[in-house]
Every structure is written in C-alpha cells, then in structure tokens.
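Some notes on the structure that comes next.
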Amino acid sequence: MSAPEAIVVGGGLAGLAAAIELVDAGARVTLLEARARLGDATWSTQLEGLQVDNGQHVFLRCCQAYRGFLRRLDVEDRIALQSRLELPVLVPGGGRAWLRRHRLPSPAHLAPSLLRYTPLSWRDRLRAARAVQRLSGLDPRDPTVDATRLGDWLAAEFGNPEPLERFFELLVRPTLNVPAREAGLGLVAFVFQRGLLEQPDAADIGWSTVPLSELHAGPAQALLRSAGARVQLRSPVDAIEYGSAGRPAVRVQGTRLEADVVVLAAPHEETAALLPEAAGVDRAALQRLGRSPIVNLHVVYDRPVMAQPFVAAVGSPVEWVFDRTHSAGLAGGQYLALSLSAADAWMGRSRDELRCVFQPALEALFPAARHARTLQFFATCERAATFHQGPGTLALRPGPRTALPGLFLAGAWTDTGWPATMEGAVQSGVTAARLALASKARTAAVPAEAA
C-alpha cells in the first residue's frame, strides 16, 4: 500500500503536532500556513532591539501531550520545569503569599498553602478550601455544569462570592482567559481536577527558557522538512473541496491540491468559513465560540527588580510577570513581560496610558523598581488569543471527525476536554492525525484517548 497523501491546514501547535504525527507514520505531508511564520499563538519577533514572545506561555507537569511534543522536537534542554510547585503571589505594598505543593497525598498537598494564604481572611481561606474540594466532585462534561458561570455557582454555594472570586481569579483568569466570575464552571472544574487535584505533582510549572519560535516553530519546521514534508508559508487556503473520486482537496491561491486526508487546524472562525456544509459541523456554533484577547506589556529596567523567574499578583492591575531577560538577549538590566488575560479593558490603550497605570503598579509590587530607570515600555496584543471560555462552550466545540471522508479537525478550540492551552492544541493535532491515518488503514488501532 502506498503512503497516504496528507494536507495539514494551519501551522500552529495543533497543525505542527498533526503533521509530525503523520510524517512519523510514513505519510507524504504538505503543511499550509497563511502567515509568513509557523507557531500561530506561540511566536517570537524582534521588537525595539529585543527578542520578544507574542505572549507568555507556561505548561504543567500534567501536560503529557505537549511534553511529548517537546521530546519529539528534541528541545527539552530549552525548558525549565519546577521540581515542586512554588508560586509567589505578591500584594501591593510588600505583602507576599505562596502557593506550594507540600509532601502530602493528593488533594491534601495544597491544604497548607490554602490555610496560609494571607490575601484571604481565615474564614475565606476555609471557604476557598471547601470550594476547591467541591470542584473535585463535579463532572466537567455535565451540560448543567458546563452551562453555569463560576461566579453564580460560588454565590449559590457560599453566599458572598467576591472574596472567592478574587482567589479564583489568580488561576482561572490566566488559564481560561476570562474573568473568574464569567468562566464556565465545567472548564474550571476540569482545570482544578486535572491540574491541581488528581496528582500531587500535576501543577508543577514549566516554561520556555528561549524565545518561543526557537522552542516550537523552528525545530518543527526543520523536523518536517528533514522528513520530506513540504512546508508552504504565505499559503492561505481559499476553500476545501471534493473531487469526483471523493478525495478531499484544498484550493490555495487558485491551485487545487488533492490528498487522501486533510487535517484542518486553522483558528475556529477561519474553520467556520472554510468548512463545506456537508461536513456536518455547526459553523454558526463555531462563530459563537467568540474570542478573548491577551495584552502583553514589555518593560525593561536598568537593573534587576524581580528575583523570581515569574510571580503572580493580587489586588493589582498586574496579573503575572515573567523575567525574560536571558531569552530576549538582554546583556544588562532586566526585561519583565507582563501577561494581561481577558484584556478587553486594555485594548486600544496608548503606550502612555498603559505606562501611567502599570509603572506605579509594578513599583508597588517590586520595591527595587522605585529606584530603577525604565528604559523601554511597550505593548503587544493578541486580539483573538483564545475562544471565549465562558459557560455553554461544551456544546459548541466539535470533535475531530467530520461527516466528510478524509476531513478532520484540530485546534485548541475543538472538544479535547482541555481549555484553550498548548496541551489541548497538541492533543487535538495528534488525535486528528491518528484518526486520519486509521481512516486509511495506516494504523492498526486508534488509542482510546483519540477515539
């Protein structure tokens, strides 16, 4: 049997993972990316003399598909992974708390940190611990749970939800890219169950020590080309069609490319526009997934002001701060990158407006910043960083299969169970590729997680 021909549309993590899975199985792969670069939501560029990531991405020890992707790219020496969860949480004026993993069986491994979490009163610490415990008993795939906002659930279960919302904001906002009160309860339950409660070491945090393009896009492109795959940049797909023999095809700048299988790994709104009606996917539902933006602020000081590789903040407009001095190639001083999730309020603000808000906020968190000189301050944004992960998304996210032969879907927005994360993106790409191969009898069986 000849090797199947496969086309992957989209060069983000989902498309890259699908393409690598396909070439590893012997398929002849063409990867089409509309932009001039690979990586989609994880890319780097030169800005104002710095090597800058478009966003700050972390992963957890429990992200097995993503970590396997990094192993396949042979880039594990370009990441750091905590040996034990330690998250410093700063409070303006010099206060500090820690979320740590303790040497206790799950889920008690987090209890000491919750009981010592000083941004909450004693009463609210106990309420937060009870809330986390109750989340562990929810079914994330229950439609009733999925249709509920976290804020409404907290109010119904615990009365005044505001203190608990502030606690959940620390983890929910950066993970789901929506304010905690607006987050879908099913996704919140999944994040806490999978990321914090099932295994004691699940939430150990990992991050890239190099620019993201050197972690994902560059190594993946080199791997694919060395395996004989065609990687075509600046190749936007205009349509997905079917030939007389029932083979799927894509139309790219007037050229029709046929294949045995197509993995469509484009963003959800582009996918809605490209999918044929016969694919049996609710295209209007894909549009209703919406979008949520992320704004990143880039601040360079003339001296170090933060000692940790990253911190979170509460009671401040600052959310998470990362030290990217080394990865940016900065020889002196310190480069801090601030990640602002669900950043609708900051979209369209001028550099001066943002600086007036965030420079004093940074000085309230880092006393050394009050004596440092700010050398650079600028912002980047991803207007459609993720789909809007509020209530009711379970019914809107399709699985990898379509009703058309040889056409499969991938992307962090598909129904992986995960929120819109690097783990979900990679998992979706691997699953779609395995199903595509199985449809052409190139694999003996599809693993249970891909079914």
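Only the coordinates and a few stated rules stand behind these numbers; no lab work does. A quick note: this is a predicted structure, and the numbers were derived from the prediction, not measured. Heads up, the Cβs are rebuilt from the backbone with ideal geometry, glycines too, and the neighbour counts pull from every protein chain shown.
Descriptive notes on the structure:
- The stretch between A307 and T45, if pulled fully straight at 0.36 nm per residue, gains 91.8 nm over its current Cα-Cα span.
- Antiparallel content of DSSP bridges confined to the chain, in %, to 5: 75 percent
- Prolate/oblate/rounded label for the range 102-200 (Cα gyration tensor, a/c 1.5): oblate
- Charge dipole (Cα centre; +1 on Lys/Arg Cβ, -1 on Asp/Glu Cβ; no other charges) of the range 102-200 amounts to roughly 420 debye.
- For the range 181-282: rounded, prolate or oblate by the Cα gyration tensor [a/c cutoff 1.5]: oblate
- Rounded to whole Hz, the Karplus (6.51, -1.76, 1.60) HN-Hα couplings of the range 384-401, x for glycine and proline: 10, 5, 9, 6, 7, 9, x, x, x, 7, 4, 6, 8, 8, x, x, x, 7
- A simple packing score, the average count of other Cβ atoms within 10 Å per residue, orders the peptides 386-393, 79-86 as 386-393, 79-86, with the highest score first.
- Under the criterion of Cα pairs below 8 Å and six or more residues apart, the relative contact order for the chain equals 24 percent.
- Applying the criteria of a DSSP loop state and at most 10 other Cβ atoms within 10 Å to the GluC sites (Glu not before Pro) of the range 131-231 yields no site.
- The H on the amide N of R401, modeled in the peptide plane, is under 5 Å from the matching H of L409, each at least 5 residues off or on a different chain.
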